[in-house]
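The values are calculated or read from the model by the stated rules, or taken from the named source; none is laboratory data. Predicted, not measured: the structure shown is a model, and the values here were computed from it. Cβ placement follows ideal geometry from the backbone for every residue including glycine, while neighbour counts extend to all protein chains displayed. For the accessible areas, the whole protein counts, side chains as well, though only heavy atoms, and no ligand, DNA or RNA atoms are used. Shrake-Rupley method; radii C 1.70, N 1.55, O 1.52, S 1.80 Å.
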Amino acid sequence: QVQLVESGGGLVQAGGSLRLSCAASGSIFSPNIMGWYRQAPGKQRELVAVISSGGMTNYADTVKGRFTISRGNGANTVYLQMSSLKPEDTAVYYCNIKIALKDVWGQGTQVTVSS
């Protein structure tokens with residue numbers, strides 16, 4: 001059974017940076033897609049960024065040029081480097097892996113950006 005554990009959320013001032021980490025455990029194999037989604041209060045969960053096991057990436061237009069997604073050396077860890085943060089980036093950020101027709105979610109980590 002695949003499990004995801006996130007870390008790295010917190011409170012930061014506008015213009016600041018944070019790095020989120022997500023470690024996957026269990027039966028992880030390629031191909032797969034790992035990524036980050038976020039959900040702000042009263043809004044639907046939305047894609048932030050994803051990265052395939054082959055290294056291809058995709059970003060939401062709202063974060064392009066500010067956020068960078070990457071994989072760790074072991075390929076079972078995914079990072080989200082967030083820079084130039086804005087108050088509208090405030091949300092619960094969820095790690096996700098799509099593998100073998102399964103969709104697994106982490107528990108979420110809160111990111112709060114103060115103005």
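See the values below:
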item: Residue ID - surrounded by the fewest Cβ atoms within 10 Å (Cβ to Cβ), chosen from residues in the stretch 19-29 that are in contact (Cβ under 8 Å) with a residue 40 or more places away in the chain and in a loop (DSSP other than H, G, I, E, B); result: PHE29
item: Condition met for LEU47 (surrounded by fewer than 19 Cβ atoms within 10 Å (Cβ to Cβ), on the phi < 0 side of the Ramachandran plot and either out of contact with any Pro (no Cβ under 7 Å at 6 or more places or on another chain) or not hydroxyl-bearing (Ser, Thr, Tyr) (or both)); result: yes
item: Residue match in the stretch 1-13 (condition: in contact with a helix residue (DSSP H, G or I) (Cβ under 7 Å, 6 or more places away or on another chain) and among the hydrophobic types (A, V, I, L, M, F, W, C)); result: no
item: Hey, VAL104 in contact (Cβ under 8 Å) with a residue 60 or more places away in the chain and open to solvent by less than 20 Å² (accessible area, probe 1.4 Å) or not; result: no
item: Lone unmet requirement of (1) modelled with pLDDT of 95 or more; (2) crowded, with 18+ Cβ neighbours inside 10 Å for THR62; result: (2)
item: Hits in the stretch 25-41 - residues which are at pLDDT below 95 and out of contact with any Ser or Thr (no Cβ under 7 Å at 6 or more places or on another chain); result: SER25, GLY26, SER27, ILE28, PHE29, PRO41
